[in-house]
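Asks: This structure is in structure tokens; I'll ask about it shortly.
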Amino acid sequence: MLELRHRGSCPGPGGAVAPPPREGEAAGGDHETESTSDKETDIDDRYGDLDSRADSDIPEIPPSLDRTPEILKKALSGLSSRWKNWWIRGILTLTMISMFFLIIYMGSFMLMLLVLGIQVKCFHEIITIGYRVYHSYDLPWFRTLSWYFLLCVNYFFYGETVADYFATFVQREEQLQFLIRYHRFISFALYLAGFCMFVLSLVKKHYRLQFYMFAWTHVTLLITVTQSHLVIQNLFEGMIWFLVPISSVICNDITAYLFGFFFGRTPLIKLSPKKTWEGFIGGFFSTVVFGFIAAYVLSKYQYFVCPVEYRSDVNSFVTECEPTELFQLQSYSLPPFLQAVLRQETVSLYPFQIHSIALSTFASLIGPFGGFFASGFKRAFKIKDFANTIPGHGGIMDRFDCQYLMATFVHVYITSFIRGPNPSKVLQQLLVLQPEQQLNIYKTLKTHLIEKGILQPTLKV
Amino acid sequence: MTELRQRAVREPDAPPEDKESESEAKVDGETASDSESRAEPAPPPTSVDDTPEVLNRALSNLSSRWKNWWVRGILSLAMIAFFFIIIYLGPMVLMMIVMCVQIKCFHEIITIGYNVYHSYDLPWFRTLSWYFLLCVNYFFYGETVTDYFFTLVQREEPLRILSKYHRFISFTLYLTGFCMFVLSLVKKHYRLQFYMFGWTHVTLLIVVTQSHLVIHNLFEGMIWFIVPISCVICNDIMAYMFGFFFGRTPLIKLSPKKTWEGFIGGFFATVVFGLLLSYVMSGYRCFVCPVEYNNDTNSFTVDCEPSDLFRLQEYNIPGVIQSVIGWKTVRMYPFQIHSIALSTFASLIGPFGGFFASGFKRAFKIKDFANTIPGHGGIMDRFDCQYLMATFVNVYIASFIRGPNPSKLIQQFLTLRPDQQLHIFNTLKSHLTDKGILTATTEDE
């Protein structure tokens, strides 16, 4: 049972010796006998011991059922188990990529819903692991409270960010105005209600468990909900800011796996023994090239490049604009050594491609740390996968663990280097002020704009 | 050993001798399981009796119950006097005290985590926890404090760069810590390390965010800092007194020594106290004015024209109270109305912070968070009710007192691109015209 068959999301190079999906179920049996014998002692103590025991004493979590569809199984029944699993992974990878393309085609609103759906599923997966680790299915209220906190935090974030984009829509409706103005207070009141419910739900023998689950819920919220909102904010900057980073991470996964498979020799880190330095470096270079090319292809289309705006007249999202300089071809003079290679003096690039190099570098060098973190987490809690949602790949978290750091990085990158504060947020805040303050600001702005020559002074007739 | 002697705030009868209880706390805190009474070989150094010798000798004649009562009383007065001195010294010193309290609370909670998980020997972990504390503090200070020091920051070139790329720098620092954590994972200790990682982050979330909200409140005006904190302290003391004298019906299973009589008595007493205190404080500029940084004198000043909130106004008393008091109108500061809201929160919801901390202590079988303050326990024990209060005051100010800071908005506006500026200007203009605030005549002024 101690042999950890690792199905990390960044697939280890050096052979696809991933076990077939069914094996995990056999481990479930041992787990049950160990827990029932301890029921007499205080439940808190049992789990207290769990904390301080070495990793090896902790029972393995029974994984959920195999969900590979029957059709696939029949079609592949002829092959040996190693190739069968490889095929399942391959087919599912292609399915996921096509779904991704389909949703991009359907537009930004669908993408937002998709991000939200993934966030909810990731939250569910991590919480379920927490329940299993702490056998806390029977704790009163706890599942309700976890979902309630998820709802609260989502409400808070959506109010803070998305409402800015809907400013014109919001101005029309009176009730929405009220909700926006007192948004923080309402969110805080909702959170506080949940907090008080938690305190009132503390049951004598289960204090420690309840506190653990409370903390587990909060850390999970911190990770999944904040990142998904950063992803949505990146999306609103322009779909290219959403697509290029995510594709770079996926490309890094796949190319690192392939390089490792063919050339892998030196192990990278003890945590993930199947990763190699050859895979890491090969993945880095291919991802940079891939990002460069993807940025070039996508920068041409207004659909990808323009910030997403909500038009109240058509009541939908539109992406139409004059592309900024970032997305207009410019000539760059090549440094001399490249000149000799390419035999050109200058090259036409989108400035965005330079940024894409930075994004791809991050995706290849630091992104894997997210994967290592998730691997460590799985080893710590002795689970093979986060869940069994996607046959051959594990849970949604397994696919998205490298993405988390990426989303934050892209957001920080955009706010630091690409643009300053969000104009719609500034406008939103302006509209909330007191009328005298607004008038003062109006006058200050007017003087400033006239000075700068942006605004022509109105001539009196 | 299963008898948990709780040194919660409102205990009417004092626990026995400090020294005995410490040794029990030592063992309780460490062993995860109740039924084993083995002595721990290497206890963490939390439980030394800190009561000064002077006090010990002076009170040695009294019985242990009264002795503890006196120790608590003397320390309470000492803390309150200390609080007054610091208020007198000004906002800068207050800010530093808030920082120190934050660091001490963080230290206490992390130490409990180490005790619970026996994780003293984990590689790197103490360094990483403190490093994360530093990162998060750096981030928060950069986000909030630079707004107040805007002019100073713009003048100095290195500060300007730090401020412009602030988020990126903070993120890089945090990421370094994250990567160090991943690299420090040791084979047999994965779970422990993840627990400590989670523990550190939740502690940061609680302790650091609240202390920054406290500093925000402080910058609004010292009255927004002093009145809420005093209300919570007053509620503690009043509920204790009422419970001591009239307490009969238990309030909640979690803290068996709290009673409904104490709760309700404390509520009314706190509201009255809040009203009186805000009346007294609203008269002084040094409490009422926002703290500003004066570039010329290079120090903090609290000098301004008090806003409407702090000017006496006439209120009509509703008929029912008119007959009682015999006055038709009363002169109050509008702030006093707000203070009723603050006191109500402090008495009704603040105790939930205390219950949370009590539950936490029971869950991890500790008597106090630490033994920093003789007779009272650790810093966290004193501040557990304050956490929700700080957030509430901040949200209250942002929602009801003032909106976003106009000067900050202007700064943000000036950093936008010209076409964005023009767009916002035109939208604002049409909005003002629609509302009738802006007319042809006003535009000419």
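Throughout, read-outs are computed from the coordinates displayed, never taken from laboratory work. For clarity, every value in this text was computed on a predicted model and none was experimentally measured. Note that we place each Cβ from the backbone using ideal geometry, even for glycine, and neighbour counts take in every protein chain shown.
Asks: Work out, step by step, the length gained on full extension between B:I86 and B:M332: first 0.36 nm times the residue separation, then minus their alpha carbon distance; give nm to one decimal.
Replies: Between B:I86 and B:M332, full extension yields an extra 85.8 nm.
Asks: Please list the non-local residues whose amide H lies under 5 Å from the amide H of B:T259, H modeled 1.01 Å from N, same-chain partners needing a gap of 5 or more.
Replies: Those lying under 5 Å, H to H, from B:T259 are B:L251.
Asks: Summing Lys, Arg as +1 and Asp, Glu as -1, what charge do residues with Cβ under 15 Å from the Cβ of A:T266 carry, A:T266 excluded?
Replies: Charge balance in the 15 Å sphere: +3.
Asks: Can you sort B:C385, B:C179 so the residue with the fewest Cβ neighbours within 10 Å comes first?
Replies: Arranged by neighbour count, lowest to highest, B:C385, B:C179 become B:C179, B:C385.
Asks: Which one, B:F125, B:F171, B:P158, projects farthest toward the positive side of the charge dipole computed for segment B:96-216 from Cβ point charges (K/R +1, D/E -1)?
Replies: Final value for the positive-end residue is B:F125.
Asks: On to the next question. Using a 10 Å cut-off around each Cβ, can you sort A:V318, B:V214 from fewest to most neighbouring Cβ atoms?
Replies: In increasing order of surrounding Cβ atoms, one gets A:V318, B:V214.
Asks: Oh, and also: Over all residues in B:382-395, what is the mean tally of Cβ atoms on other chains that come within 10 Å of each residue's Cβ?
Replies: Across the residues of B:382-395, the mean count of other-chain Cβ atoms within 10 Å is 2.
Asks: Using unit Cβ charges (K, R positive; D, E negative) and no other charged atoms, how large, in debye to the nearest 20, is the dipole of segment B:183-281 about its Cα centre?
Replies: Roughly 680 debye for segment B:183-281.
Asks: Related question: Select from segment A:313-408 those GluC sites (Glu not before Pro) which occupy a DSSP coil region and have at most 14 other Cβ atoms within 10 Å, ordered by residue number.
Replies: A:E320, A:E345
Asks: A follow-up question, please. So for segment B:332-401, taking the charge dipole from beta-carbon charges (+1 Lys/Arg, -1 Asp/Glu), which of B:F369, B:Y396, B:Y333 sits furthest toward the positive end?
Replies: Comparing the listed Cα positions along the dipole, B:F369 ranks first.
Asks: Starting from the 7 Å offset along Cα-to-Cβ, what nm value, one decimal, do you get for the label separation of A:R265 and A:I281?
Replies: 1.1 nm
Asks: What is the local net charge at B:V395, summed over the other residues whose Cβ is closer than 15 Å to its Cβ (Lys, Arg +1; Asp, Glu -1)?
Replies: Computed value for this residue: +1.
Asks: Just report the Cα centroid separation between segment B:70-89 and segment B:261-284, whole Å.
Replies: Centre-to-centre (Cα) distance: 19 Å.
Asks: If I stretch the segment between B:Y138 and B:D434 completely, what's the gain in nm (0.36 nm per residue apart, minus their alpha carbon distance), one decimal?
Replies: 102.2 nm
Asks: Given labels modelled 7 Å from the Cα in the Cβ direction, how far is it in nm from A:Y303 to A:R343?
Replies: Using points 7 Å along Cα→Cβ, the separation is 3.7 nm.
Asks: If you rank B:S399, B:S255 by fewest surrounding Cβ atoms within 10 Å, what's the result?
Replies: B:S399, B:S255
Asks: In whole Å and largest first, what semi-axes does the C-alpha gyration tensor of segment B:96-216 yield when each eigenvalue is scaled by 5 and square-rooted?
Replies: Semi-axes, largest first: 30, 17, 9 Å.
Asks: So how strong a dipole does segment B:221-366 carry about its Cα centre when Lys and Arg Cβ are +1 and Asp and Glu Cβ are -1, to the nearest 20 debye?
Replies: The dipole magnitude comes to about 980 debye.
Asks: Can I ask one more? Which one, B:Q322, B:V280, B:S347, projects farthest toward the positive side of the charge dipole computed for segment B:221-366 from Cβ point charges (K/R +1, D/E -1)?
Replies: B:S347
Asks: Considering amide H positions built from the backbone, and no H for Pro or chain starts, which residues 5 or more places from B:Q313, or on another chain, come under 5 Å of its amide H?
Replies: Residues meeting the criterion, in which the H sits 1.01 Å from N, are B:M332, B:Y333.
Asks: Under a point spin-label approximation (7 Å from Cα along Cα-to-Cβ), what is the B:T176-B:R126 distance to one decimal in nm?
Replies: 2.1 nm
Asks: State to the nearest 20 debye the size of the charge dipole of segment B:96-216 about its Cα centre, where the only charges are +1 on K and R beta carbons and -1 on D and E beta carbons.
Replies: The calculated dipole for segment B:96-216 is roughly 320 debye.
Asks: Counting only other chains, what is the mean number of Cβ atoms within 10 angstrom of the Cβ of each residue in peptide B:108-118?
Replies: Mean partner-chain Cβ count within 10 Å for B:108-118: 1.
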